[in-house]
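Peer 1: Please see the structure below; I have some questions.
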Amino acid sequence: MAGNEKTTSSHTGKKRSTFSGKLGYVLAVAGSAVGLGNIWRFPYLAAKYGGGIFLLTYLILMLTFGYALIVSETALGRMTKKSPVGAFQAFSEKLPFKLGGWINAVIPMLIVPYYSVIGGWVVKYLFEYLRGGTQVLAQDDYFTGFISDGISAEVWFLLFSLVVIVVLFAGVKHGVERVSKVMMPLLVILAVFVAGYSMTRPGALEGVKYFLIPNFENFSWMTVVAAMGQMFYSLSIAMGILYTYGSYMKKEVDIEQSTAQVEIFDTGIAMLAGLMIIPAVFAFSGGDPDTLQAGPSLMFITIPKVFASMGFGTGAGIMFFLLVLLAALTSAISLAESGVSTFEDQLGLSRHKATVLMGVIMVLLGSASALGFGVLDFVKVIGMSILDFFDFLTNSLMMPVAALATCLLVTRVAGLDQVIQEVEQSSRFKRKKMYCFFMKYLAPICIVIILLSSIANVFGWITM
Ligand code: PHE
């Protein structure tokens, strides 16, 4: 959260911190939003689900559906001064809405364990670059060997989780956020540099085209499903985070404008990451379909090859993975923090106990995900590795339900008017008509599509 926050009293009588202004708010949300989702997840999904057509679908969804949901969650949070469970209860005590609040609150608790497994992979790569293993990391089977070797990935995962938990205990979250404000611009500069390098490799131009130019032949339903899941993930929608951040937001901050800025920032970084990774895939494999389908391992396989082929590759590797690590850490901390505050508020636990509980959940579920490529290799949940399963469960099944709950809360219980009034407290609501249309029609339709497709996918009726 922004270093420059203040505390005010809310109507609950408890002190509640607020961001000091729009910049503080935008930076805090962007700091949480920019993470592995942008640098690791977005490029591999774009590579897998059709390149330019995925990008186009993503942009359309973000500007319409995503926009309406961010505005809604932020406004509901600011109106009620509560995180999701409380915000839902403030409007309705009925069971479906209680569950709606809870599902929003549980999602970050399920994401942070496997998020930390990937955080662990990043720490391992950073460590290897520091040891000068630039060429070793670029070997073809290095990554697969690492994640399947039994306990190595587990150890790095535990290390990453330990840092997250220690930070939560120490409560130095604000300090970390401040560091990330310096690191984010550095990440952008490095990303521009690496993307420039990657795009100018022989054969890379095909990759740039694949990523930027929509080809309708590559379109499938799963493009929409994946793009929607990614939009939730990357913008931290449908996981209670924006309710909480909204509850810290001052009344005079322009919700529409800050939403637009967060979207631009987050998407900008994701696109840069796409331009780093996808052209490199084409340069190093000629756009081999198997490599494009690589999935979660893409960043860990292609980026080391780029670095190994360039001068100062070791330095670039250290910088790159250090910055990814910082982006991942700040996001993991805010995910875990959201879990901790839910435990504190709803279960009445002390901060200390709530943190221990979150830590236990992280270690248990995370270990299963980390070992799922090694000793637990035989465990497959609906055909997926454990890590992929948690990713699928949260992004493709739970988040649509959470988003649907928010839509219904806005349209059926709170009323669109209340949200509009909240937004208008600070400024004219420029896209009011669009907003109402999206919430009433577009969002529920999109959500039903994604849910049905995900379920059809589970039963094998359509393939991802
Ligand atoms: N949006 C983050 C990312 O792209 C993930 C995240 C979600 C972080 C929710 C914090 C809260 O990596």
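Quick note: the coordinates plus some simple rules give every number you see, no bench work behind them. Values in this document were obtained by computation on a predicted structure and should not be read as measured data. Here Cβ is always computed from backbone atoms with ideal geometry, including for glycine, and neighbour counts include all displayed protein chains.
Peer 1: Working out 0.36 nm times the residue gap between Asp290 and Thr144, then minus their Cα-Cα distance, what length gain in nm do you get to one decimal? Kindly include the intermediate steps, with their values, before the conclusion.
Peer 2: On the way: separation 146, 0.36 × 146 = 52.56 nm, distance 1.47 nm.
Here the segment from Asp290 to Thr144 would lengthen by 51.1 nm.
Peer 1: Using a 7 Å offset from the Cα along the Cα-to-Cβ direction at both Val182 and Val381, what is the distance between the two label points in nm, to one decimal?
Peer 2: Distance between label points: 4.0 nm.
Peer 1: For Lys432, what is the net charge nearby, where nearby means another residue's Cβ is under 10 Å from its Cβ and Lys, Arg count +1, Asp, Glu -1? Walk me through the intermediate numbers first.
Peer 2: Details: positive: Arg428, Lys430, Arg431, Lys433; negative: Glu256, Glu424.
With Lys, Arg at +1 and Asp, Glu at -1, the net is +2.
Peer 1: Exposure proxy check: Leu126, Leu452 ranked by fewest other beta carbons within 10 Å? List each step's numbers first, then the result.
Peer 2: On the way: Leu126 20, Leu452 15.
By the 10 Å Cβ count, ascending: Leu452, Leu126.
Peer 1: Then there is this: Note down the net charge around Ile151, summing +1 for each Lys or Arg and -1 for each Asp or Glu among other residues with Cβ under 15 Å from its Cβ.
Peer 2: Cβ neighbours under 15 Å give a net charge of -2.
Peer 1: Between Glu93 and Asn218, what length comes free when the chain is fully extended (0.36 nm per residue of separation minus the Cα-Cα distance, one decimal in nm)? Intermediate results must be reported in sequence, preceding the final value.
Peer 2: Numbers: separation 125, 0.36 × 125 = 45.00 nm, distance 4.52 nm.
Fully extending the segment from Glu93 to Asn218 adds 40.5 nm.
Peer 1: Given a cut-off of under 8 Å on Cα pairs at least six residues apart, what relative contact order in percent is computed for segment 237-351? Provide the component values of the computation, followed by the final result.
Peer 2: Working: 34 pairs, mean separation 23.1, N = 115.
Taking the mean separation of contacting Cα pairs over the length of segment 237-351, I get 20 percent.
Peer 1: For Phe42, what charge total do you get from the other residues with a beta carbon under 15 Å from its beta carbon, if Lys and Arg give +1 and Asp and Glu give -1?
Peer 2: Numbers: positive: Arg41, Lys48; negative: Glu263, Asp266, Asp391.
With Lys, Arg at +1 and Asp, Glu at -1, the neighbours total -1.
Peer 1: Here is a follow-up. Taking Cα pairs under 8 Å and at least six residues apart, what relative contact order does segment 98-158 come out at, in percent? Please list the in-between numbers first.
Peer 2: Values: 26 pairs, mean separation 27.3, N = 61.
Relative contact order here is 45 percent.
Peer 1: Order these by the 10 Å Cβ neighbour count, fewest first: Ile118, Ile53, Ile278, Ile60.
Peer 2: Details: Ile118 26, Ile53 22, Ile278 31, Ile60 14.
Least to most surrounded, the residues fall as Ile60, Ile53, Ile118, Ile278.
Peer 1: Please list, or write none, the aspartates and glutamates whose alpha carbon is within less than 12 Å of the alpha carbon of Lys250, excluding same-chain residues fewer than 8 places away.
Peer 2: Those aspartates and glutamates meeting the cut-off are Glu5, Glu422.
Peer 1: Can you give me the orientation-averaged projected area of the convex hull built on the Cα atoms of the chain, in nm²?
Peer 2: Taking the Cα atoms of the chain, their convex hull projects to 20.1 nm² on average.
Peer 1: With +1 on each Lys and Arg Cβ and -1 on each Asp and Glu Cβ, and nothing else charged, work out how big the dipole of segment 309-464 is about its Cα centre, in Debye to the nearest 20. Display every interim value, and only then the final one.
Peer 2: Details: 10 positive and 9 negative charges, 114 e Å.
Roughly 540 debye for segment 309-464.
Peer 1: Continuing with the same structure: Pairs Lys82/Lys440; Lys94/Lys251; Lys22/Lys430; Lys251/Lys433; Lys209/Lys433: which are spaced more than 27 Å apart, C-alpha to C-alpha?
Peer 2: Values: Lys82/Lys440 24 Å; Lys94/Lys251 29 Å; Lys22/Lys430 18 Å; Lys251/Lys433 22 Å; Lys209/Lys433 36 Å.
Beyond 27 Å between Cα atoms: Lys94/Lys251; Lys209/Lys433.
Peer 1: By how many nm would the segment from Arg428 to Lys209 grow when fully extended, if each residue of separation counts as 0.36 nm and the alpha-carbon distance is taken off? It would help to have the intermediate numbers written out before the result.
Peer 2: On the way: separation 219, 0.36 × 219 = 78.84 nm, distance 3.96 nm.
Taking 0.36 nm per residue and subtracting the Cα distance, the gain is 74.9 nm.
Peer 1: Ranked highest first by the average count of other Cβ atoms within 10 Å around their residues, in what order do 385-397, 420-432 fall? Don't skip to the end; give the middle numbers.
Peer 2: Values: 385-397: 21.5, 420-432: 16.3.
Result, highest mean first: 385-397, 420-432.
Peer 1: Continuing with the same structure: Run the helix sum for the chain: -39,500 (n - 2.57) per DSSP H stretch of 4+ residues, divided by residue count, reported at 222 nm to the nearest 500 deg cm²/dmol. The partial results should precede the final answer.
Peer 2: Numbers: 23 runs with 322 residues, N = 464.
Roughly -22500 deg cm²/dmol at 222 nm, from the helical runs in the chain.
Peer 1: Taking only C-alpha pairs under 8 Å that are 6+ residues apart, what is the relative contact order of the chain in percent? Walk me through the numbers before you get to the answer.
Peer 2: Numbers: 743 pairs, mean separation 147.7, N = 464.
32 percent.
Peer 1: Moving on. Give me the one-decimal Kirkwood hydrodynamic radius in Å for segment 318-464, with the sum taken over alpha-carbon pairs.
Peer 2: Values: mean 1/r = 0.0529 Å⁻¹.
Final number for the Kirkwood radius of segment 318-464 is 18.9 Å.
Peer 1: Here is a further query. Among all the aspartates and glutamates, which ones have a C-alpha under 20 Å from Lys353's C-alpha, if same-chain residues fewer than 8 places away are not counted?
Peer 2: Within the straight-line limit of under 20 Å, Lys353 reaches these aspartates and glutamates: Glu337, Glu344, Asp345.
Peer 1: Would you work out the charge dipole size for segment 159-302 about its Cα centre, treating the Cβ of every Lys and Arg as +1 and the Cβ of every Asp and Glu as -1, and quote it to the nearest 20 debye? Kindly include the intermediate steps, with their values, before the conclusion.
Peer 2: Numbers: 7 positive and 10 negative charges, 95 e Å.
In debye, rounded to 20, segment 159-302 gives about 460.
Peer 1: Which of Val164, Leu242, Phe232 sits farthest toward the positive end of the charge dipole of the chain, with +1 on the Cβ of Lys and Arg and -1 on the Cβ of Asp and Glu?
Peer 2: Leu242
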